[in-house]
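Engineer: Take a look at the following structure, please.
Coordinate-derived values only; no laboratory data. Note that the coordinates shown come from a computational prediction; the quantities given were computed from them, not determined experimentally. Cβ: placed from backbone, ideal geometry, glycine included. Neighbour counts: every protein chain shown.
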Amino acid sequence: MDLARTRDELPELAGRVALVPTMGALHEGHRSLIRLAHKHADHVVVSVFVNPLQFGPSEDFSRYPRTFEQDLAACEAEGVAAVFAPSVEEMYPSPLQVTVSSGTMGTIVEGAVRPGHFDGVLTVVLKLFNLVRPDVALFGQKDAQQLAVIRRMVGDLNVPVEIVGAPTLREDDGLAMSSRNVYLSADERVRALALSRALRAGQAERAPSAVLRAAQAVLADEGIEPDYLVLVDPATFTEVDDRYYGTAVLAVAARIGTTRLIDNVLLEL
Ligand code: AMP
């Protein structure tokens, strides 16, 4: 396995290349993405880069978990051809003038709570695409709005990369795997289960208003006041109403103690 710190250090790979962009602190969810990537390409490249552009000033950029040696071992074990792990200076040698705007889609739901977040995500994803030049890139459904804005960027800007979404991996008790789960105390981890429980309660209903009511009731029971609990169109992240038919995303974000968690499920209306 190659470790590349710069574009020049990336190996020339013959055949189809898949990119799995990550911020490191790899867990089984990331590994499932890498396994799926192997099915879509001859070679898998994993990027490990904690992108300062997508963190707000009061967010956890400096204390975001960093486990680089373990990440390399996980990538090696998953048969990854190369890990691309540039430094912040390599990615952003000077302040950017030109960036990608996620438009209105980036200002709603998660984007309303984290202004500028999706612009930061799209800018780094486009840079990673241009540096690694993959044929296909994989993103988790766990970050459903991220997946939606990336699909939109690729469509709107004719970016020649195929985008594949991958299902959310969960712990046995339902908690969505996340690098941020390590912040949770034992008590908080139990409280955090209310998120996936609320989403499952919503999934059991059919009409949008009933879906939201059922999910909201579970959160209220646990005394959780979410940043948002919404039922949205997976492509646009605009809220759906009782006349909507098709696949929808029930998405939630909440602070458990000081840790902010997001989760979502797909459901058929
Ligand atoms: P991150 O390192 O958090 O930026 O995540 C890197 C990629 O892994 C993103 O595409 C995430 O959506 C995806 N991912 C994160 N958590 C999970 C999970 N529990 N299951 C599947 N994919 C995930």
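Residues are listed down the side, and each one gets a yes or a no for (1) touching a residue at least 60 places away in the same chain (Cβ under 8 Å); (2) in contact with a helix residue (DSSP H, G or I) (Cβ under 7 Å, 6 or more places away or on another chain):
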residue: R200; (1), (2): yes, no
residue: A210; (1), (2): no, no
residue: V218; (1), (2): no, yes
residue: I224; (1), (2): no, yes
residue: V232; (1), (2): yes, no
residue: F237; (1), (2): yes, yes
residue: D241; (1), (2): no, yes
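Engineer: List the residue pairs whose Cβ atoms are under 7 Å apart, where the first residue sits in the stretch 128-146 and is more than 19 Å from A14 (Cβ to Cβ), the second is within 13 Å of the ligand (Cβ to nearest atom) and of a type in the set (S, T, N, Q), and the two are 6 or more positions apart or on different chains.
Structural biologist: Final answer for the pair search is L128/S47; F139/Q146; G140/T168; Q141/T168; K142/T168; A144/N264.
Engineer: A follow-up question, please. So A148 passes all but one of these: (1) within 9 Å of the ligand (Cβ to nearest atom); (2) in contact with a Phe, Trp or Tyr (Cβ under 9 Å, 6 or more places away or on another chain). Which condition number does it fail?
Structural biologist: Unmet condition: (1).
Engineer: Okay, next question. Looking at (1) touching a Gly at 6+ places or on another chain (Cβ under 9 Å); (2) away from the ligand (no atom under 14 Å from the Cβ); (3) not small (G, A, S), which is the one condition that is false for R133?
Structural biologist: Going through the list (1) touching a Gly at 6+ places or on another chain (Cβ under 9 Å); (2) away from the ligand (no atom under 14 Å from the Cβ); (3) not small (G, A, S), R133 breaks only (1).
Engineer: Looking at the stretch 173-183, is at least one residue within 16 Å of the ligand (Cβ to nearest atom) and over 17 Å from G29 (Cβ atoms)?
Structural biologist: Step one: list which residues in the stretch 173-183 are within 16 Å of the ligand (Cβ to nearest atom), which gives 173-183.
Narrowing the set further to residues that are over 17 Å from G29 (Cβ atoms) leaves none.
The answer is no; no qualifying residue exists.
Engineer: Would it be correct to say that D233 is touching a Pro at 6+ places or on another chain (Cβ under 6 Å), charged (D, E, K, R) and either farther than 29 Å from A37 by Cα or surrounded by fewer than 16 Cβ atoms within 10 Å (Cβ to Cβ) (or both)?
Structural biologist: On the way: touching a Pro at 6+ places or on another chain (Cβ under 6 Å): no; charged (D, E, K, R): yes; either farther than 29 Å from A37 by Cα or surrounded by fewer than 16 Cβ atoms within 10 Å (Cβ to Cβ) (or both): yes.
Against the criterion (touching a Pro at 6+ places or on another chain (Cβ under 6 Å), charged (D, E, K, R) and either farther than 29 Å from A37 by Cα or surrounded by fewer than 16 Cβ atoms within 10 Å (Cβ to Cβ) (or both)), D233 does not qualify.
Engineer: Here is a further query. Can you pull out the strands (runs of 3 or more DSSP E) entirely within the stretch 16-101 that have at least 2 residues that are closer than 21 Å to N181 by Cβ and either free of Cβ contacts under 8 Å to residues at least 40 places away in the same chain or within 13 Å of the ligand (Cβ to nearest atom) (or both)?
Structural biologist: On the way: elements: 17-22, 43-48, 82-84.
It comes to 17-22, 43-48.
For (1) surrounded by fewer than 16 Cβ atoms within 10 Å (Cβ to Cβ); (2) more than 21 Å from the chain's Cα centre (by Cα); (3) of a type in the set (A, V, I, L, M, F, W, C), each residue gets a yes or a no:
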{"residue": "L13", "(1), (2), (3)": "no, yes, yes"}
{"residue": "T22", "(1), (2), (3)": "no, no, no"}
{"residue": "R31", "(1), (2), (3)": "no, no, no"}
{"residue": "V50", "(1), (2), (3)": "no, no, yes"}
{"residue": "S62", "(1), (2), (3)": "yes, no, no"}
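Engineer: In the stretch 123-150, which residues are part of a helix (DSSP H, G or I) and within 12 Å of the chain's Cα centre (by Cα)?
Structural biologist: Keep residues of the stretch 123-150 that are part of a helix (DSSP H, G or I), which gives 123-132, 141-150.
Within the stretch 123-150, V125, Q141, K142, D143, A144, Q145, Q146, L147, A148, V149, I150 meet the criteria.
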